[in-house]
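Report on the following structure.
The values are calculated or read from the model by the stated rules, or taken from the named source; none is laboratory data. Every value quoted in this text rests on a predicted model; they were computed, and no experiment measured them. Quick reminder, even Gly has a Cβ in these numbers, built from the backbone with ideal geometry, and neighbours come from all protein chains shown. Keep in mind that these areas ignore ligands, DNA and RNA; they rest on the heavy atoms of the full protein, side chains included. Shrake-Rupley method; radii C 1.70, N 1.55, O 1.52, S 1.80 Å.
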Amino acid sequence: MTSTQQRAALQRQIWQIANDVRGAVDGWDFKQYVLGTLFYRFISENFASYIEGGDDSINYAELPDSVITADIKDDAIKTKGYFIYPTQLFAKVAATANTNESLNTDLATIFAAVESSANGYPSELDIKGLFADFDTTSNRLGNTVKDKNTRLAAVLKGVAELDFGDSHDGDFKENRIDLFGDAYEFLISNYAANAGKSGGEFFTPQHVSKLIAQLAMHKQTSVNKIYDPACGSGSLLLQAKKHFDAHIIEDGFFGQEINHTTYNLARMNMFLHNINYDKFNVQLGNTLIDPHFGDDKPFDAIVSNPPYSVKWIGSDDPTLINDERFAPAGVLAPKSKADFAFVLHALSYLSSKGRAAIVCFPGIFYRGGAEQKIRQYLVDNNYVETVISLAPNLFFGTTIAVSILVLSKHKTDTTTQFIDASGLSKKETNNNVLLDTHIEQIMQVFDSKANVDHFAQSVAYEQVAGNNYNLSVSSYVEPMDTSEVVDITQLNAELKTTVAKIDQLRKDIDAIVVEIEGEELEE
């Protein structure tokens, strides 16, 4: 079986399990149990592989807890960020899950122990609360302890049966790690696709994430770190890892997320893609009013798909106009539309060599008022490199055609590039998708800055300024005329022939009528 076939089989199996074990529980409400169990299995096998160190004579799961010395535990936590005793491993718990009458409380105890193992270590904040949403006492699992244990055992059994390859082959192989990461992303994607409007708030489809990551990291041979101020489940950050050699992202992955459950999903996602605790920093909180990382070095790459046109406190907080993120523009984003607040936040965190690629609601590019003033600030200071309009229905939870705003602090000229990619997509199930060929087409013209009829145009500063700083792609890229060309001469000839036929038909009908009337008179 090829790796592609293995992935496809694994994905079919894991989604079938996710649906089978949830019973009458809504999939959206049940996601944390399936995702959490997959994470539990991953960290168990990853940790066991680390302890075994490639020695085939050691099977960590079969060792008694008593052989673990304080030094072994200390070294492991410093390296991996957490500790799991042999009896706490996923495989050991799953093996007896069906007959364990205290399964739900045992799991809660194990999860608490794994989290508390990091207390006092540098990894403490990265591990703390990871299993907070895996509530083993929730009535969603059933009304009785027996019902809860039955449901939990089914999840454990299902995840245990997933084939990620041999876990005792020395090292925790890269292919095996990729399969775990892909399975997690696949589950999140499917949950998002079935979650309605809220789905788009925590997951950006991989095909769009790939484009955004390539835009942000274009021609950068190395970046200090990559950042997403509204990171959701971390999918955008992880595309940077997937499509670029890991070594060029020197200091790791940074993000902030306002939703607690999604924040936990993002941290799990980092571990599942083998990004160790010392290479990521995801924080919980409201980026606009309680930002993290402001005292850190600016970021060489920023990617983001922030929520569209959400309300924020804005001018109701008189201190924000003096905030160093917003003050340079001289105006705050409207209270009813925080889009440009996210844009200005990202710009302030961007290094002098970096790029930010941000998904934006199209209205911010042409509306007046405060948004026009912010556009003027961005254009006058030469921060806008490119605006790309995308096809509709590419994202979960919305059918609108959004745009990508690319910001740069190292432009070599004062033109602004506009790319009309609204015709680049392929219909799949209920959504459109960007194919690799579409992404390549966009990246080629982004790189060359060439003018291409009906597709891309680089526009002088004076023209943008003279157009009230309108940044809508449709204002600068003329759409292709797809209307049918009509040959008037040919059309007139066809009409003349048709009229003649109609006249003849009328004469024939009149003759028939006269003949019929004559026959009636004779009778």
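Going by the conditions given, is K219 open to solvent by 30 Å² or more (accessible area, probe 1.4 Å) and farther than 16 Å from A266 by Cα?
Considered against the rule, which asks whether it is open to solvent by 30 Å² or more (accessible area, probe 1.4 Å) and farther than 16 Å from A266 by Cα, K219 comes out as yes.
Is it true that S44 is surrounded by fewer than 13 Cβ atoms within 10 Å (Cβ to Cβ) and hydroxyl-bearing (S, T, Y)?
In short, no.
Taking K92, is it basic (K, R), open to solvent by less than 60 Å² (accessible area, probe 1.4 Å) and either over 31 Å from the mean Cα position of the chain (by Cα) or closer than 20 Å to A153 by Cα (or both)?
Here the answer is no, as K92 does not meet what is asked.
Looking at region 222-239, is at least one residue out of contact with any Asp or Glu (no Cβ under 9 Å at 6 or more places or on another chain), farther than 27 Å from Q6 by Cα and modelled with pLDDT under 90?
No, the conditions are met nowhere in region 222-239.
Of the residues in region 10-34, how many are farther than 21 Å from D147 by Cβ and either modelled with pLDDT of 85 or more or surrounded by 15 or more Cβ atoms within 10 Å (Cβ to Cβ) (or both)?
Residues that pass the stated criteria total 5.
Just to verify a result, which residue in region 471-508, among those that are open to solvent by 100 Å² or more (accessible area, probe 1.4 Å) and not in a helix (DSSP H, G or I), is modelled with the highest pLDDT?
E478
Only one of (1) surrounded by 21 or more Cβ atoms within 10 Å (Cβ to Cβ); (2) in a helix (DSSP H, G or I) is not met by K373, so which one is it?
Checking K373 against (1) surrounded by 21 or more Cβ atoms within 10 Å (Cβ to Cβ); (2) in a helix (DSSP H, G or I), the one that fails is (1).
Only one of N59, N104, N98, N139 is under 28 Å from L284 (Cβ atoms), surrounded by fewer than 16 Cβ atoms within 10 Å (Cβ to Cβ) and at pLDDT below 95. Can you tell me which?
N139
Does S389 count as in contact (Cβ under 8 Å) with a residue 60 or more places away in the chain and part of a strand (DSSP E or B)?
Yes, satisfied.
As an exercise: evaluate S315 against (1) of a type in the set (S, T, N, Q); (2) under 13 Å from I404 (Cα atoms); (3) open to solvent by 40 Å² or more (accessible area, probe 1.4 Å) and give the number of the one condition it does not meet.
(2)
Residues being in a helix (DSSP H, G or I), modelled with pLDDT under 75 and either open to solvent by less than 10 Å² (accessible area, probe 1.4 Å) or over 13 Å from L265 (Cβ atoms) (or both): count how many of those fall in region 199-212.
Looking only at that region, the number is 2.
Within region 125-136, work out how many residues are surrounded by fewer than 17 Cβ atoms within 10 Å (Cβ to Cβ) and in a loop (DSSP other than H, G, I, E, B).
Residues that pass the stated criteria total 4.
Can you tell which of F326, F299 is over 27 Å from H207 (Cα atoms), at pLDDT 95 or above, crowded, with 18+ Cβ neighbours inside 10 Å and out of contact with any His (no Cβ under 7 Å at 6 or more places or on another chain)?
F326
Inside region 249-267, can you point out the residues that are in contact with a helix residue (DSSP H, G or I) (Cβ under 9 Å, 6 or more places away or on another chain) and among the aliphatic types (A, V, I, L, M)?
Passing the criteria: I249, L265, A266.
Within region 229-267, take every residue that is in contact with a Leu (Cβ under 7 Å, 6 or more places away or on another chain) and over 17 Å from A213 (Cα atoms) and give me the one that is surrounded by the fewest Cβ atoms within 10 Å (Cβ to Cβ).
Selected residue: H260.
If a residue has to be of a type in the set (S, T, N, Q), under 25 Å from A465 (Cα atoms) and without any contact (Cβ under 8 Å) to a residue 24 or more places away in the chain to count, how many in region 392-427 make the cut?
Looking only at that region, the number is 1.
When both residues are 6+ apart or on different chains and their Cβ atoms are under 9 Å apart, which pairs have a first residue that lies in region 443-465 and is closer than 13 Å to I388 by Cβ and in contact (Cβ under 8 Å) with a residue 12 or more places away in the chain, and a second that is part of a helix (DSSP H, G or I) and open to solvent by 20 Å² or more (accessible area, probe 1.4 Å)?
So the pair list comes out as M443/Q214; F446/Q214; F455/Q441; A456/S448.
Go through (1) out of contact with any Gly (no Cβ under 9 Å at 6 or more places or on another chain); (2) in contact (Cβ under 8 Å) with a residue 24 or more places away in the chain; (3) under 24 Å from T414 (Cα atoms); (4) open to solvent by 80 Å² or more (accessible area, probe 1.4 Å) and name the single condition N468 misses.
(1)
With the condition being among the aromatic types (F, W, Y) and in contact (Cβ under 8 Å) with a residue 12 or more places away in the chain, I'd like the helices (runs of 4 or more DSSP H) fully within region 52-121 carrying at least 2 qualifying residues.
So the answer is none; nothing clears 2.
Any chance region 258-269 includes a residue that's touching a Gly at 6+ places or on another chain (Cβ under 9 Å), modelled with pLDDT under 85, of a type outside the set (D, E, K, R) and more than 20 Å from V310 (Cβ to Cβ)?
Checked against the condition, which is being touching a Gly at 6+ places or on another chain (Cβ under 9 Å), modelled with pLDDT under 85, of a type outside the set (D, E, K, R) and more than 20 Å from V310 (Cβ to Cβ), region 258-269 yields no hits at all.
For region 399-413, indicate whether the set of residues that are open to solvent by 20 Å² or more (accessible area, probe 1.4 Å), modelled with pLDDT of 95 or more and touching a helix residue (DSSP H, G or I) at 6+ places or on another chain (Cβ under 6 Å) is non-empty.
No, region 399-413 contains no residue that is open to solvent by 20 Å² or more (accessible area, probe 1.4 Å), modelled with pLDDT of 95 or more and touching a helix residue (DSSP H, G or I) at 6+ places or on another chain (Cβ under 6 Å).
Right, D163: assigned to a loop (DSSP other than H, G, I, E, B), of a type in the set (D, E, K, R) and surrounded by fewer than 18 Cβ atoms within 10 Å (Cβ to Cβ) or not?
It is true that D163 is assigned to a loop (DSSP other than H, G, I, E, B), of a type in the set (D, E, K, R) and surrounded by fewer than 18 Cβ atoms within 10 Å (Cβ to Cβ).
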